[in-house]
Ligand SMILES: Nc1ncnc2c1ncn2[C@@H]1O[C@H](COP(=O)(O)OP(=O)(O)O)[C@@H](O)[C@H]1O
Ligand SMILES: [Mg+2]
């Protein structure tokens, strides 16, 4: 059942969200009855020990995996009601993903990878390239735009992933350890780019991180422990 009041203000929310993994005979309840909402422009950090379920939660909220129980709504839409094509379209229109294994295309250039989400929507190539180049400049990759993904470093791939997540100007960015592989200076630069977008466009940010410094710059910090979210 949907709650219209909740959905009117929440960019993304979940109700009684649970996820269990069955690994051979071992049954692991990773997430237990989580209720959570992120509102327009809000910045939230999720912290928690390795294995506490941060990545699992972000995957469920982004519709990349299905819950065992419970519901996820993105922009007021119940994800469980969508077929694969509708889900892809909703993700492309509303969410920006920055994940550790970032699903970039190794045989394509940095510029092509960043343009792709907008090309899928069917925009004008020259306009899209202009936006992509501006973003790549912000994340310090202007000199790498013609390199293939297979020819750049891990940190540069991470920044490409961030530019690709930002180019669609999503309602909400879901980032899993977005600065994990980066040196201090680059991490700061990348994070500032994400914060600028939050400020300019009221993009909501949901970031799983180990970085206390980064978490402290969010509006709220939640800890994932024993399958539940706690206010820190
Ligand atoms: N596909 C899977 N199959 C079985 N167990 C999984 C799977 N994905 C994650 N897990 C388990 O779920 C728990 C949470 O993992 P994860 O969400 O990756 O945690 P975190 O991101 O906080 O490190 C871990 O115990 C992990 O081993
Ligand atoms: Mg993780």
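Quick note: the coordinates plus some simple rules give every number you see, no bench work behind them. These numbers come from a predicted model, not from an experiment. Virtual Cβ from ideal backbone geometry, glycine too; neighbours counted across all protein chains shown.
Here are the numbers for this structure:
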| quantity | calculated |
| --- | --- |
| Two-site FRET efficiency, residue 85 against residue 121, from Cβ-Cβ distance with R₀ of 22 Å, rounded to 0.05 | 0.95 |
| Calculated FRET efficiency for the pair residue 66/residue 134, C-beta based, R₀ 30 Å, to 0.05 | 0.25 |
| Added length on full extension, which subtracts the Cα-Cα distance from 0.36 nm per residue, residue 142 to residue 212 | 22.3 nm |
| Expected 222 nm ellipticity per residue - DSSP helices of 4 or more, -39500 (n - 2.57), all of the chain, to 500 | -11000 deg cm²/dmol |
| For the range 169-232 and the range 80-153, distance of Cα centres in Å | 19 Å |
| Kirkwood-Stokes translational diffusion coefficient of the chain, alpha-carbon pairs, 4 °C, 1.567 mPa s, µm²/s | 71 µm²/s |
| Prolate/oblate/rounded call for the range 145-189, Cα gyration tensor, a/c under 1.5 rounded | oblate |
| Relative contact order %, the chain, counting alpha carbon pairs below 8 Å whose residues are six or more apart | 29 percent |
| Gyration tensor over alpha-carbon atoms, the range 102-232, equivalent ellipsoid semi-axes in Å | 27, 16, 13 |
